[in-house]
Every structure is written in structure tokens, then in C-alpha cells.
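Notes for the one structure printed next.
The values are calculated or read from the model by the stated rules, or taken from the named source; none is laboratory data. Predicted model, so just to flag it, every value in this text is computed and none were measured. Virtual Cβ from ideal backbone geometry, glycine too; neighbours counted across all protein chains shown. Surface areas here come from the heavy atoms of the whole protein model, side chains and all, with no ligands, DNA or RNA. Shrake-Rupley method; radii C 1.70, N 1.55, O 1.52, S 1.80 Å.
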Amino acid sequence: MATNSKNAPSAPKLNRPLTITVANEKGGVGKTSINRYLPFVLAERGYKVLVIDADPQANLSKTMGITKKAYAPDEIFIVEKSMMAAVRDGDLAPALVNVVPNLDEVPSDIDFASFSTFLSKKYGLADRTDDDYYEVESKKVRVLKDLIEPIKPNYDFIFIDTPPQPRSDSTRNATMASDYVIIAFQTQSDSLDGAISFINGTLTELHETFGADTDVLGILPNQVSNSGAIDQVVIEDAIRMFGEQNMFKHIIPFAKRIQSAPRGGVTRQGYWNTKLFKDVFDPLADDLIERLEMVGEISDGTN
Ligand SMILES: Nc1ncnc2c1ncn2[C@@H]1O[C@H](COP(=O)(O)OP(=O)(O)OP(=O)(O)O)[C@@H](O)[C@H]1O
Ligand SMILES: [Mg+2]
């Protein structure tokens with residue numbers, strides 16, 4: 001397989017394609033930032049990667065558009081179709097856009113804010129206390145999973161970016177469609193609560209009531225703001241709650257460069273970008289692969 005980077009390490013082969021959602025019910029914890037960089041590094045290593053933007057804020061899509069434009073400035077880049085139209089038409093394939101070698105995306109737009117309305121019009125509206133809740137909801141939560149199914153064999157990794165709203169249809173669908181979730185939280189805020197309520201709420205309900213086969217790959221602390229030292233108390237709380245073996249090894253440090261991706265796209269060009277990859281996202285990708293080995297998703301052999 002082709003790689004973007006001459007120095008990409010050999011990539012151990014996955015036993016099956018994997019869909020992963022970076023999750024937390026609170027906003028601004030770094031979900032989109034992780035989805036900007038981690039899939040990019042995996043694509044460089046030769047994995048076939050897809051990012052699906054299931055957030056109407058479309059922050060990931062904008063960065064991917066800038067990344068594509070910077071990579072192929074002479075190409076005429078037109079977004080023919082985005083998430084909402086693809087979901088309405090029951091096929092994600094026409095919405096696929098290639099960003100850089102090995103990395104595709106399904107872009108989102110503000111119209112994806114209609115996802116819940118679309119589901120209700122198609123499958124009905126049922127409250128948790130209604131008799132038909134299970135029947136209605138079990139159809140609604142599987143929509144994205146069913147749409148991913150036919151394109152999944154074309155990829156090694158599919159990442160889904162979700163909006164911050166608690167228990168949104170988008171996050172529920174992304175979780176249901178995922179083999180694993182990475183639970184991200186901010187070390188300086190109360191977003192550990194958002195992580196816990198995601199696990200105890202969305203994930204548990206999907207698992208116990210709707211048969212989701214979604215596991216937690218790891219808990220990933222992110223230092224989003226530069227307001228001093230990492231809050232060790234929060235980290236220790238997380239370790240106590242989830243167990244050290246469930247935590248990613250590397251905390252994502254505060255890095256000003258992460259904030260410029262929305263303007264400059266994702267690239268290794270330049271001193272600060274090179275440093276960001278070397279210090280933060282290459283080790284995070286190593287950590288991810290190691291965790292996948294631990295849970296039996298990787299056998300011997302290279303990609
Ligand atoms: N490690 C970091 N260092 C510095 N800035 C960061 C870091 N992680 C995220 N940020 C910044 O914090 C802000 C929120 O991050 P991001 O958009 O990735 O979060 P999110 O969870 O996707 O938010 P939302 O829930 O609104 O979608 C962004 O401005 C981003 O650039
Ligand atoms: Mg986001």
C-alpha cells in the first residue's frame with residue numbers, strides 16, 4: 001500500500017476493519033482534534049482510513065478540505081454530497097472524498113442538524129416510557145451502522161466524529177456503529193463527568209438494550225488549555241475509576257499547533273508541525289496499535 005511518509009514504520013495488519021468513535025458527552029474535549037491527526041498518521045502508515053463527520057458543526061470536514069487543497073492545489077475540489085444527503089439516499093459511497101493518499105472522508109454540513117428529524121419522520125417518535133420505544137429506537141440507532149457496513153471492507157479504520165450534545169442521535173448512531181470507543185476527556189475541566197455519563201448512559205443503554213457490540217479501547221486524557229499543570233487529581237480520579245490498564249499511555253499535552261490545524265490543514269510541513277507529530281500524534285498512533293494488539297485485533301505480519 002502507498003504511504004504519505006517516506007519514514008512510515010511498517011504497519012501491523014488488522015484482523016478485521018475497525019470502526020472507532022472518539023467520545024465524550026461534553027463539548028470541547030478534543031474529539032475533533034484527535035480525529036484530525038490520528039487517522040492522518042494511520043493513513044501515512046499505509047492503513048486505508050475513512051473519517052466520517054457526523055457533526056453538523058463540520059469542523060473536521062473544513063480541516064479535511066483545507067488539507068486536501070494544500071496537498072493537491074491544482075485539483076478542482078467540489079463537495080458533491082455530504083452526510084445528510086447520503087443518509088437520506090441510504091448510501092455513503094457517493095459522498096466519499098479522497099483527502100490525501102489512503103485517507104477518505106464523508107464530509108458533513110449544517111444540514112446534518114436535521115438527522116434527528118429525518119429519523120423521526122422515517123421511524124416515528126417514541127419516548128423511553130412508550131411501549132414502542134424499543135421497536136422505534138432499535139431502528140433509529142442502527143441507521144449509520146447499516147450504511148457503513150457495505151463500505152467497511154474497503155478500509156482498515158473508520159473514525160466517526162460526533163457532536164457534543166448528550167445522547168444525540170448522531171452520537172448514539174456512531175457508538176452503535178463502532179467496534180470501539182476512545183473516551184477522551186480534558187484534564188482541566190469536569191469533562192470526566194461527560195466521559196462517565198457517556199459510558200453509563202449512551203454506551204450502557206446501547207449495549208444492554210440494543211445489542212451494541214462496542215467496547216472501550218481506552219481512556220485518553222487531553223490537555224486542551226494552557227492554564228497551568230495537568231490536573232493530576234483528575235488524572236488520578238480517571239485511573240481509579242477505569243484502572244491504569246484502560247488508560248492510554250500518553251496524555252495529549254497542550255500544544256498550540258493543534259489549534260492551527262483548522263486554518264492550515266493537517267501537514268507535517270514546518271518545524272512546529274513536525275514536532276507536533278513526533279511528540280504527540282506518532283506516539284498516540286503507536287499507543288493505539290499497541291492497545292489493538294492487546295485486545296487481539298492484530299496478529300503477526302505486516303500490512
Ligand atoms: N491538546 C490540545 N492543545 C491545545 N489546544 C487543543 C488541544 N486539544 C484541543 N484543543 C483546542 O481546543 C478546542 C476544542 O477542541 P476540539 O474542537 O477538538 O474539541 P471537540 O471535543 O471536538 O469539541 P466539540 O464538542 O465542540 O465538537 C479547539 O480550539 C482545539 O484546537
Ligand atoms: Mg468536535
Item to complete: Return the Cα extents of the chain along principal axes one, two and three, sorted largest first, each rounded to a whole Å.
Response: 58, 50, 40
Worksheet item: How high is the FRET efficiency between Asn200 and Val233 when r is their beta carbon distance and R₀ equals 25 Å, given to the nearest 0.05?
Response: 0.75
Item to complete: Count charges around Asp156 for me, please; just the other residues with Cβ under 11 Å from its Cβ, Lys/Arg as +1, Asp/Glu as -1.
Response: +4
Worksheet item: Dividing the Cα radius of gyration by the Kirkwood radius, what Rg/Rh value follows for the range 184-223?
Response: 1.05
Worksheet item: When the Cα centres of the range 94-115 and the range 71-90 are compared, how far apart do they sit, in Å?
Response: 6 Å
Item to complete: Assuming 1.306 mPa s and 10 °C, estimate D for the range 66-198 with Stokes-Einstein, Rh taken as the Kirkwood radius over Cα pairs, in µm²/s.
Response: 95 µm²/s
Worksheet item: Given Leu42, Gly28, Tyr271, which one lies farthest toward the positive end of the charge dipole of the chain, if we put +1 on the Cβ of every Lys and Arg and -1 on the Cβ of every Asp and Glu?
Response: Tyr271
Discussion item. For the pair Glu208/Ser138, report the inter-label distance in nm, with labels modelled 7 Å from Cα in the Cβ direction.
Written reply: 1.7 nm
Worksheet item: Efficiency by 1/(1 + (r/R0)^6): what FRET value for Arg128 and Arg240, r their Cβ-Cβ distance, R0 = 22 Å, to the nearest 0.05?
Response: 0.10
Worksheet item: Rounded to the nearest 500, what is the chain's calculated 222 nm mean residue ellipticity when only DSSP H runs of at least 4 contribute -39500 (n - 2.57) each, over all residues?
Response: -10500 deg cm²/dmol
Worksheet, complete the sentence: With all protein chains present, the range 12-302 has a carbon and sulfur share of its accessible area (1.4 Å probe) in percent of 50 percent
Worksheet item: In Å², what does the accessible area per residue of the chain work out to with a 1.4 Å probe?
Response: 45 Å²
Worksheet item: What net charge do the residues around Ala85 carry, taking every other residue with its C-beta under 11 Å from that of Ala85, with Lys and Arg at +1 and Asp and Glu at -1?
Response: -3
Worksheet, complete the sentence: note: the range 1-123, Cα-Cα separations exceeding 23 Å make up a percent value of 36 percent
Discussion item. Using the crude model of +1 on Lys and Arg Cβ and -1 on Asp and Glu Cβ, and no other charge, please compute the dipole size for the chain relative to its Cα centre, in debye to 20.
Written reply: 1080 debye
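Out of the DSSP beta bridges found with both residues in the chain, what percent are antiparallel (nearest 5)?
15 percent
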Worksheet entry | Along the chain, longest interval not containing exposed GluC sites (Glu not before Pro), exposed being DSSP loop plus at most 11 other Cβ atoms within 10 Å | 81-303
